[in-house]
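Here is the structure we will look at, set down as structure tokens.
The values are calculated or read from the model by the stated rules, or taken from the named source; none is laboratory data. Treat the numbers as computed from the prediction; the structure is a model and nothing was measured. Please note: Cβ atoms are built from the backbone with ideal geometry, for glycine as well, and neighbour counts cover all protein chains shown.
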């Protein structure tokens, strides 16, 4: 008597339908639910650079300048774009140690310290380089794919004796970011004195 293959036909058909369903579900998840491919495409098409506003200058009541802005430069990095980096040459160019380089990379990837981390976007590697330091790095920038120069400003105070009243600025803390969504990691904020009291007017 011949074997009945009808049940086997349904089993094979069910397996094929199940595999197709899993494949379609995965495809839907990648295209609709996940933004990984969009970020990948955007990173190949765009380089997002932040244009930081200059903080407002301060004058006394007679119009004499008390506080002004001085050009400064940050080094940023898009980790996904790093290729065949000569770490020793990079460190010598920026006058940093390999240990500092490794620590900075670890901190950038640590989402507890850097909640906005993504390997597709610009992350701050170093801050407040002088024009001379930036010039040295700029000459060799072509050797360090994935690294970029971001122009910013730092504060200069005409009279050191008035520092307690004028105050100063510093990098924004996680607590300050949570309290005011105007700021992101790497921004500067007034920490004390007039810089703090008039922060919303001076920050630009």
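If the requirement is being surrounded by 16 or more Cβ atoms within 10 Å (Cβ to Cβ) and in contact (Cβ under 8 Å) with a residue 12 or more places away in the chain, which of these qualifies: 116, 167?
On inspection, the qualifying residue turns out to be 167.
When you scan the range 102-118, how many residues do you find that are touching a helix residue (DSSP H, G or I) at 6+ places or on another chain (Cβ under 9 Å) and at pLDDT 90 or above?
Result for the range 102-118: 4.
Those residues that are touching a strand residue (DSSP E or B) at 6+ places or on another chain (Cβ under 9 Å) and farther than 23 Å from residue 172 by Cβ, I need them from the range 102-133; list them, please.
Within the range 102-133, 131, 133 qualify.
Taking the range 39-69 only, how many residues are modelled with pLDDT of 90 or more and loosely packed, with under 11 Cβ neighbours inside 10 Å?
4
Can you run down the residue pairs with Cβ atoms below 6 Å, 6 or more apart or on separate chains, where the first is in the range 134-145 and in the same structural domain as residue 82 (by TED's automatic domain parsing) and surrounded by fewer than 15 Cβ atoms within 10 Å (Cβ to Cβ) and the partner is in a loop (DSSP other than H, G, I, E, B) and modelled with pLDDT under 95?
Once the first residue is in the same structural domain as residue 82 (by TED's automatic domain parsing) and surrounded by fewer than 15 Cβ atoms within 10 Å (Cβ to Cβ) and sits in the range 134-145, its partners that are in a loop (DSSP other than H, G, I, E, B) and modelled with pLDDT under 95 give 145/83.
Hey, residue 197 hits all of (1) touching a residue at least 24 places away in the same chain (Cβ under 8 Å); (2) closer than 19 Å to residue 101 by Cβ but one; which does it fall short on?
(2)
Of everything in the range 170-204 that's surrounded by fewer than 16 Cβ atoms within 10 Å (Cβ to Cβ), within 24 Å of the chain's Cα centre (by Cα) and assigned to a strand (DSSP E or B), which residue is modelled with the highest pLDDT?
170
So, in the range 119-138, of the ones that are in contact with a helix residue (DSSP H, G or I) (Cβ under 8 Å, 6 or more places away or on another chain) and in a helix (DSSP H, G or I), which residue ends up farthest from residue 52 (Cα to Cα)?
The selected residue is 136.
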